1. Report the residue count in region 68-94 for those that are in a helix (DSSP H, G or I) and within 12 Å of THR28 (Cβ to Cβ).
2. Quick one: is ARG81 farther than 17 Å from VAL15 by Cβ and surrounded by 16 or more Cβ atoms within 10 Å (Cβ to Cβ)?
3. Any idea which residue in region 15-49 is modelled with the highest pLDDT, counting only those that are within 20 Å of VAL68 (Cα to Cα) and surrounded by fewer than 11 Cβ atoms within 10 Å (Cβ to Cβ)?
4. Identify all residues within region 53-67 that are within 12 Å of the chain's Cα centre (by Cα), assigned to a helix (DSSP H, G or I) and aliphatic (A, V, I, L, M); write none if there are none.
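The values are calculated or read from the model by the stated rules, or taken from the named source; none is laboratory data. All values derive from a computational prediction rather than experimental measurement. Note: ideal-geometry Cβ built from the backbone for every residue, glycine included; neighbour counts use all protein chains shown.
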Amino acid sequence: MKVDQKVLQELLDKVAGDGEAYFYALATGELKSLIVNGSDGAVNRMPNNFKVILLSGKGIALDNGLLVKFATGKVDADTARVLSLCDIRLNAPPLTA
């Protein structure tokens with residue numbers, strides 16, 4: 001399936017583009033294991049502060065543009081590898097009636 005970058009960017013910006021909502025990445029158990037074991041080149045090249053954040057169970061905010069590039073296969077191999085080992089979630093304020 002081909003993803004239209006412009007359409008995807010517009011959709012992501014509608015969902016998380018107002019400053020109160022954002023996407024973030026949480027490490028899966030597999031990623032945490034790879035960080036601890038040091039057995040994956042892409043994971044080893046991550047900045048140490050990212051590793052500490054992910055191992056602590058906290059998330060790292062993701063730019064919508066990065067998500068578009070990831071979804072369309074236009075990120076570098078290391079970024080693609082690490083993001084594929086993350087749970088990507090949306091943090092948004094509760095809806096009000």
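1. The number of residues fulfilling the criteria is 3.
2. Numbers: farther than 17 Å from VAL15 by Cβ: yes; surrounded by 16 or more Cβ atoms within 10 Å (Cβ to Cβ): yes.
Yes; evaluated as a whole, the condition is true for this residue.
3. GLU20
4. Once the filter is applied, which keeps residues that are within 12 Å of the chain's Cα centre (by Cα), assigned to a helix (DSSP H, G or I) and aliphatic (A, V, I, L, M), region 53-67 yields LEU54, LEU66, LEU67.
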